[in-house]
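Just so it is clear, none of the values below were taken in a lab; they were calculated from the coordinates. Quantities reported herein were computed from a predicted structural model and do not represent experimental measurements. Heads up, the Cβs are rebuilt from the backbone with ideal geometry, glycines too, and the neighbour counts pull from every protein chain shown.
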Amino acid sequence: MALAKELKDKLLQAVDDGFDAQLEYTKNLVNLASLRGQEYAIQDLVFEQFQSRGMKVDRFDMDREAILAHPGGSPFSDSHSDAPIVVGIHHPREETGRSLILNAHLDVVPAGPGALWSDDPFSGRIDGSWMYGRGSADMKAGAAANLAAMDALRRVGLQPAATVYVQSVVEEESTGNGTLMTWLRGYTADAALIPEPTDTKLVRANVGVLWFQLKVQGVPVHVSDMGEGANAIDAAYGVIGALRGLEADWNARKDEHAQFRDLAHPINLNIGKIAGGDWASSVPAWCEIDCRISIYPGVTADEAERQIRECVAEFARNDAFLANNPPEIVINGFHAEGYVLDPDSEAETVLGRAHDAAFDAPLQAATLPGYIDTRVYALYNQIPALCYGPASRNAHGVDECVDLESLRRITKAMTLFIAEWCGTEPIESNRV
Ligand code: ZN
C-alpha cells in the first residue's frame, strides 16, 4: 500500500536532515583507497558502522571451493582479494513486511595516471554539486546511501518491519565473487537493491562479462636474425585483430536481443593491459594481454568462452608460427552472465512510486552494457534485482565524480522504497 503523505514528507525531510552526515561518511569511504586486495580497512570501518547501529554483523571470507563449483563463480587469480565480506543484519521486532537486501561493493578500479587528475584521486573533494574521487560514484556514494536510508527511518523513530541485510562486498570490479558468496552463504530476501551510479534509471538489462588473458609465445633471437625468430608481440597484434572480428560478429547480432537493439555498440572488447618482451634489441619471446569482453544476457559464459577459444585457435591454425605454438587462454576474472529484469514485479512498482515522490518524474529503465552484481540476485536467487542509483561522470576514468543533488534524491527514493516495501514499526515498543 502506498505510503501516507504525512509519513512520506517526514521521511523526505529526514534525508535532508541527515545529508551532511551522509556526505561526510561518503567522503571517509572515498579517502580509503580500497583497490583490489586492499579493502581491509574500509571493511573494518563498515563493520563498525553496522555495529554502531545495533545491527548483527556477519564478517566472512570467500569459500573458494563453493564459488568454483557454482556456474556463476569466477576463477581465483593471484590478484584476487582476500578481504572479508561484511553483512549488517537488521531484524524487526515483528516480521510483518517484505525482506530486503541492500548491497554495495567497496572495491575500486585503479586510479590510473595521477597526473591526469585535477586533484588527489582519493580526495573526496566537493565542488558545487559534485564529489570527486576514484570510487565516489562507483560506488561509495551508493554504499553510504544504503546506510543513510536506514538512518532516515531511524531519525523519525521508525525501523523496517522486515529483515534487511546490508551487504558490503569486494571483487565486484573483477570477478563478482563477493556478492555470489553472500548468496552461497545463504542470504536471500524478497528483493535486492544495489545503488550503482545508473544516472537515476533502473537497469532493465545488462551484459555478462568475461576476463581472459592471452599468453602468446615467440622465438627470441638477435634482431639481425629476425627472420629466424618469431615475434610474440607482432603475433599478439594478429590475435587481437581476430578477436576484434569476433566482437564485430557479436555486435552484428544485437537485433536478436531486444534490450540491446538500440545501442550503437553493445558488445565491447577491451584490450586492457599488455606486457611482453625484455629488450629493444631482442625479438620478444612472450606477450601477455589482459582482455575483457561482454556477452548478451541468455548467452552462457561457457558458450562465450568456447567461441573465444575457437576464434583464437582458428587464427593460430593459419599462422606459420602460431600453428605449432598456439596462444594460451587463461580465464583470470569475470566468468559472469547478464540478465533482463522482469518488468512486472511489485518491487519495481514500489520503487517507481518512491522515485516519483523523490524526483517528481516517472522512473525510467535503461540497458547497461557493463557488469553489475545484481546478476546474482536475478539469475540465482531469482528475486527482483533492482540496480538504481545516482548520476555520475567518469566512472573508471579521470576525475570520477558523483552528482550530489541526484544522490540526495536517490537516497530519498531508497528511503521511501524501504518504508513501503518492508513496512515500518516504531523503534521502541509501546507495549508494556
Ligand atoms: Zn560498480
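So the values come out like this:
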| item | result |
| --- | --- |
| Ordering of 336-344, 160-168 by packing [mean C-beta count within 10 Å, highest first] | 160-168, 336-344 |
| Relative pair counts by distance (%), Cα atoms of region 1-62, 10 Å bins | 17, 32, 30, 16, 4 |
| Interatomic Cα distance distribution for region 91-214, bins of 5 angstrom, percent | 2, 9, 15, 19, 19, 15, 11, 6, 3, 1, 0, 0 |
| Against the rule of thumb 2.2 N^0.38 Å, how large the Cα Rg of region 259-304 comes out | 1.76 |
| Whole-number Å³ per residue for the convex hull built on Cα positions in the chain | 144 Å³ |
| Ratio of Rg to Rh over region 83-159 (Cα coordinates, Kirkwood Rh, two decimals) | 1.10 |
| Distance between modelled label sites at TRP279 and GLN13, nm, 7 Å Cα→Cβ extension | 7.6 nm |
| Estimated FRET transfer efficiency (ASP399, ILE271; beta-carbon r; R0 25 Å; 0.05) | 0.60 |
| Tail fraction, Cα-Cα pairs, region 344-432, threshold 17 Å, whole percent | 61 percent |
| Distance between modelled label sites at ASP61 and ALA2, nm, 7 Å Cα→Cβ extension | 5.2 nm |
| Too-long pairs where the Cα-Cα distance tops 18 Å, listed order kept, from LYS8/LYS201; LYS27/LYS140; LYS5/LYS412; LYS56/LYS140; LYS8/LYS412 | LYS8/LYS201; LYS56/LYS140 |
| GNM top mover of THR182, THR349, THR300 - the chain, alpha-carbon springs below 10 Å | THR349 |
| Value in Å of the Kirkwood radius, where region 208-336 supplies the Cα pairs that are averaged | 15.5 Å |
| Along each principal axis, Cα extent of region 1-127, largest first, Å | 52, 44, 26 |
| Rounded to the nearest 20 debye, dipole of the chain from Cβ charges on Lys, Arg, Asp, Glu | 820 debye |
| Difference of contour (0.36 nm per residue) and Cα-Cα distance, ASN318 to GLU24 | 100.0 nm |
| Computed FRET value (nearest 0.05) for ASP356 with GLU94, which takes r as the C-beta separation and R₀ as 30 Å | 0.55 |
| Two-decimal Rg/Rh across region 284-423, once Rg and the Kirkwood Rh are taken from alpha-carbon atoms | 1.14 |
| Residue-averaged [θ]222 nm for the chain, counting only DSSP H segments that reach four residues, each worth -39500 (n - 2.57) | -10500 deg cm²/dmol |
| Sites ASP225 and ALA365 - FRET efficiency at Förster radius 45 Å, r taken between beta-carbons, to 0.05 | 0.15 |
